[in-house]
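K.L.:
Handing you a structure now.
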Amino acid sequence: MVTREDVLTARKSIAGRVHRTPTLTSASLEREVGVPVYLKAELFQRTGSFKPRGVLNKLALLSAEEKAPGVIGISAGNHAQALAYGAALEGTDGLIVMWQGVSEQKVEATRAYGGRVDLEAPDPLTAFERLGELVAETGRTLVHGFDDPDVIAGHGTIALELEEDAAGASVIVPVSTKDCASTVASAFGVPFPGV
């Protein structure tokens with residue numbers, strides 16, 4: 001379980017290496033729902049998504065020995081770009097497994113941030129198999145895009161900014177897993193009842 005303390009520690013870990021993104025208001029949405037609406041604009045984050053928050057926190061916690069063989073991840077785009085960016089900042093080699101048919105723009109952006117891209121897999125399922133093979137062959141350290149407490153704690157730093165920018169507001173967060181929802185609740189210091 002990721003705690004508020006983990007998120008506060010992550011905030012220190014990534015300080016100065018990510019943007020503090022703006023929290024915007026929307027008059028039209030406020031008219032629709034009848035309460036003030038705040039939008040956290042993570043599209044203005046480095047690499048265009050919230051993903052560098054978690055990647056940079058994870059990479060900061062790796063030992064020199066864990067970084068030495070390089071890092072590896074799997075993604076169709078946002079985590080790929082964040083891992084390439086973060087690996088370059090940390091001075092380690094980043095290899096990202098993607099699959100055939102992903103956005104060519106995402107592939108090129110990942111390369112532009114300094115990442116090496118493996119496109120051997122024809123589809124996502126096969127890409128996960130390819131990831132396992134490459135981890136075994138290369139000894140690289142896996143930086144998972146979402147299933148890692150250090151990555152989740154980094155992502156949770158968004159909640160700390162929202163807490164400051166929109167104090168007292170109710171927060172609606174679209175999340176893909178129960179762990180993500182639990183992390184957001186922990187960052188705000190409130191219990192998570194489950195889904």
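K.L.:
Select, from Leu160, Leu142, the only residue that is surrounded by 14 or more Cβ atoms within 10 Å (Cβ to Cβ), at pLDDT 95 or above and within 22 Å of Ala84 (Cβ to Cβ).
P.N.:
Going through Leu160, Leu142 in turn, the sole match is Leu142.
K.L.:
Do we have Gly154 as buried (at least 21 other Cβ atoms within 10 Å of the Cβ) and in a helix (DSSP H, G or I) here?
P.N.:
Details: buried (at least 21 other Cβ atoms within 10 Å of the Cβ): yes; in a helix (DSSP H, G or I): yes.
So Gly154 fits the description; yes.
K.L.:
Taking Glu104 as the residue in question, decide whether it is at pLDDT 95 or above, exposed (fewer than 13 other Cβ atoms within 10 Å of the Cβ) and not assigned by TED's automatic domain parsing to the domain that holds Val171.
P.N.:
yes
K.L.:
Just need a number here: residues in the range 13-72 that are assigned to a helix (DSSP H, G or I), aliphatic (A, V, I, L, M) and in the same structural domain as Gly91 (by TED's automatic domain parsing). Outline the logic, then answer.
P.N.:
Here is the first cut: in the range 13-72, the ones assigned to a helix (DSSP H, G or I) are 13-14, 27-33, 42-44, 46-48, 51-61, 64-67.
Among the residues that remain, those that are also aliphatic (A, V, I, L, M) are: 14, 27, 29, 33, 43, 55-56, 59-61, 64.
Narrowing the set further to residues that are in the same structural domain as Gly91 (by TED's automatic domain parsing) leaves 55-56, 59-61, 64.
So the answer is 6.
K.L.:
With the requirement that a residue be surrounded by 15 or more Cβ atoms within 10 Å (Cβ to Cβ) and over 24 Å from Gly77 (Cα atoms), what does the range 24-46 give you? Let's see the steps before the verdict.
P.N.:
Kept after step one, since they are surrounded by 15 or more Cβ atoms within 10 Å (Cβ to Cβ), are these residues of the range 24-46: 37-38, 40, 42, 45-46.
Passing the criteria: Val37, Tyr38.
K.L.:
Just to verify a result, which residue in the range 1-12, among those that are of a type outside the set (S, T, N, Q) and not in a helix (DSSP H, G or I), is farthest from Leu160 (Cα to Cα)?
P.N.:
Narrowing the range 1-12 to residues of a type outside the set (S, T, N, Q): 1-2, 4-8, 10-12.
Cutting the leftovers down to not in a helix (DSSP H, G or I) gives us 1-2.
Numbers: Met1: 17, Val2: 14 Å.
Of everything passing the filter in the range 1-12, Met1 is farthest from Leu160 (Cα to Cα).
K.L.:
Next question. Just for the range 47-77: of the residues that are in contact with a Lys or Arg (Cβ under 8 Å, 6 or more places away or on another chain) and within 18 Å of Ala10 (Cβ to Cβ), which one is surrounded by the most Cβ atoms within 10 Å (Cβ to Cβ)?
P.N.:
Result: Pro52.
K.L.:
For the range 97-145, give me each residue that is part of a loop (DSSP other than H, G, I, E, B) and in contact (Cβ under 8 Å) with a residue 60 or more places away in the chain.
P.N.:
Filtering the range 97-145 for residues part of a loop (DSSP other than H, G, I, E, B) gives 100-103, 113-115, 122-123, 139-140, 143-145.
Once the filter is applied, which keeps residues that are part of a loop (DSSP other than H, G, I, E, B) and in contact (Cβ under 8 Å) with a residue 60 or more places away in the chain, the range 97-145 yields Tyr113, Gly139, Arg140, Val143, His144, Gly145.
The values are calculated or read from the model by the stated rules, or taken from the named source; none is laboratory data. For clarity, every value in this text was computed on a predicted model and none was experimentally measured. All Cβ positions, glycine included, derive from the backbone under ideal geometry; neighbour counts span all protein chains shown.
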